[in-house]
């Protein structure tokens, strides 16, 4: 496509030179896609040239269009709409474009000139609860952005910072200590992360009861929250953990071990992975060192109670706590340590943090604090801020147990995919094992596509019924399209029609074929745009557009009943290239596509 654009720009330059006797640098000739309601594929805006050429925008468009049709074989038609010259490219050129596309080896990097050494940090779960729907959006976004950046030729490290310490972890531990009676994942018949989550909810239940009791005794609500016995005990436990108390550390290791087993099972089920794990328990001490460094440099200050702060009012922010009065760390403390560790490990030129937009302020502070410290990697930090996922009933709350559990949701969408597939009778010839794998692929495809097709910055409402729909603008629709093409490719192989046969004698295309070639030619530009904006939604829309375009071809032209051997070979090759584009683009979303159904 890039080569076609360059050829067209050269022809436009020649047209202007011949018609108006003026030379316009190719760099000033900006082409954009023609709007769908007009004929053509490329549009030149003529308004910028009126002063130079001394003519009105419509006159310029008319004169240039006439010259091109008469003298440039790649242009077969044009139309002028006010100051817009819409150009129709000859079918023979689209055949050339298609031939160039299929010569490219699968997986050829899309050169963008962007960052080449990237760390993408995502998932970042707390070890006091299982993964939920919000975590799924985070995991799918992080994995997809990493794959998209890899497709540009960048070296990408997928990192997971596990929030394995802190007051919230102590809450689960304390509740287990008081009410657990030696329960284990095995004895409870529960995944370890679900067991920890059970005790987190239990802590909140008893904590709220204690607050109500204190309030009934006349204690002010804010004071009651601080003085409730369970909160004081949790704080004592955190101090004991930081002091290395043997009993507390032993319980912490035991419960975290259970949680990690649960997390790993979920990660494997949802198809995400990591190259590097960081743990807050291993980064907070380095963070404390950075706080001490800031004190010595005079960019941080200590208050009378001993707590350490940074003043960011000049940066348009506020004062921010970096270390509590009792010496225990806060989130920012360990984030300072983790940022440095990641840089020591990978010397990144881009460090992406996939974190919900509720933490926008926190991330602004992190970057500002690192700049205060003079760290060379401060400017490389990028917050991929995404909107929260709401339920029809409102926000999800882990402490109240009102979340959509990730494991349960995956089971539901897989079951929905099974039901829909069986209703359509799409499992003929599949073994029981192959059918089970297909249901998982379709169910997970439905869920991932639903969460990724929305721009990351947008807050989204999770509609359970809509998410598992296997029709319309969904992942399964695209997956079905790939399976359909795979069947066509198998039949072509049986008939001895080669997918890589020379494209001789093809000078005219059906309108649907032309549109499909144009869609296929957009792949590199789509990957580049998705990488620039860090938005998998761009790729999701592309995969859908390609599948729709192919289904129009399938409906309107014959493939195997076509009498012209050259056209038949072209359509088989076009099918193969479409399958490759769908598989590649869905792969960037972390979605597999079936070969048969």
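The values are calculated or read from the model by the stated rules, or taken from the named source; none is laboratory data. Quick caveat: nothing in here was measured; it's all calculated off a predicted structure. All Cβ positions, glycine included, derive from the backbone under ideal geometry; neighbour counts span all protein chains shown.
Overview of values
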item	result
Residue tally, condition surrounded by fewer than 17 Cβ atoms within 10 Å (Cβ to Cβ) and outside any loop (DSSP other than H, G, I, E, B), over region 436-459	2
Lone unmet requirement of (1) under 29 Å from residue 137 (Cβ atoms); (2) in contact with a helix residue (DSSP H, G or I) (Cβ under 6 Å, 6 or more places away or on another chain) for residue 541	(2)
Qualifying residue in region 133-148 (condition: outside any helix (DSSP H, G or I), modelled with pLDDT of 95 or more and surrounded by 22 or more Cβ atoms within 10 Å (Cβ to Cβ))	no
Some residue of region 364-373 being closer than 19 Å to residue 535 by Cβ, assigned by TED's automatic domain parsing to the domain that holds residue 146 and in contact with a strand residue (DSSP E or B) (Cβ under 7 Å, 6 or more places away or on another chain)	no
Which listed residue, of 537, 525, 573, 566, is part of a helix (DSSP H, G or I), on the phi < 0 side of the Ramachandran plot and buried (at least 21 other Cβ atoms within 10 Å of the Cβ)	573
Count - residues of region 491-512 that are assigned to a helix (DSSP H, G or I), surrounded by fewer than 18 Cβ atoms within 10 Å (Cβ to Cβ) and touching a residue at least 60 places away in the same chain (Cβ under 8 Å)	1
Unique residue being closer than 25 Å to residue 570 by Cα, touching a strand residue (DSSP E or B) at 6+ places or on another chain (Cβ under 9 Å) and without any contact (Cβ under 8 Å) to a residue 24 or more places away in the chain when the list is 76, 62	76
Qualifying residue in region 416-425 (condition: loosely packed, with under 13 Cβ neighbours inside 10 Å, modelled with pLDDT of 90 or more and part of a loop (DSSP other than H, G, I, E, B))	no
Residues satisfying the stated conditions in region 77-91, i.e. modelled with pLDDT of 95 or more and either over 23 Å from residue 580 (Cβ atoms) or in contact with a helix residue (DSSP H, G or I) (Cβ under 6 Å, 6 or more places away or on another chain) (or both)	77, 78, 79, 80, 81, 84, 85, 86, 87, 88, 90
Only listed residue being surrounded by 13 or more Cβ atoms within 10 Å (Cβ to Cβ), in contact with a helix residue (DSSP H, G or I) (Cβ under 6 Å, 6 or more places away or on another chain) and more than 29 Å from residue 585 (Cα to Cα), chosen from 65, 61, 13	13
Yes/no for residue 262 being crowded, with 17+ Cβ neighbours inside 10 Å, part of a helix (DSSP H, G or I) and touching a strand residue (DSSP E or B) at 6+ places or on another chain (Cβ under 7 Å)	no
Selected residue [under 30 Å from residue 111 (Cβ atoms) and in contact with a helix residue (DSSP H, G or I) (Cβ under 9 Å, 6 or more places away or on another chain)] from 154, 146, 175, 196	154
Boolean, residue 308 is modelled with pLDDT under 95, surrounded by 15 or more Cβ atoms within 10 Å (Cβ to Cβ) and touching a strand residue (DSSP E or B) at 6+ places or on another chain (Cβ under 8 Å)	no
Counted residues, region 472-490 - those being surrounded by fewer than 13 Cβ atoms within 10 Å (Cβ to Cβ) and not in a helix (DSSP H, G or I)	1
Strands (runs of 3 or more DSSP E) wholly inside region 1-111 that include at least 1 residues being over 24 Å from residue 519 (Cβ atoms)	75-81
Residues of region 320-340 classified as surrounded by fewer than 18 Cβ atoms within 10 Å (Cβ to Cβ) and modelled with pLDDT of 95 or more, total	1
Those residues of region 292-315 which are part of a strand (DSSP E or B) and over 37 Å from the mean Cα position of the chain (by Cα), in sequence order	301, 302
Residue check, residue 160 in contact with a strand residue (DSSP E or B) (Cβ under 6 Å, 6 or more places away or on another chain), under 30 Å from residue 234 (Cβ atoms) and in a helix (DSSP H, G or I)	no
Residue match in region 393-412 (condition: over 30 Å from residue 204 (Cα atoms), assigned by TED's automatic domain parsing to the domain that holds residue 281 and either within 22 Å of the chain's Cα centre (by Cα) or assigned to a loop (DSSP other than H, G, I, E, B) (or both))	no
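Residue-by-condition table, conditions (1) more than 30 Å from residue 433 (Cβ to Cβ); (2) at pLDDT 95 or above; (3) not assigned by TED's automatic domain parsing to the domain that holds residue 429:
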{"site": "559", "(1), (2), (3)": "yes, yes, no"}
{"site": "576", "(1), (2), (3)": "no, yes, no"}
{"site": "579", "(1), (2), (3)": "no, yes, no"}
{"site": "583", "(1), (2), (3)": "no, yes, no"}
{"site": "597", "(1), (2), (3)": "no, no, yes"}
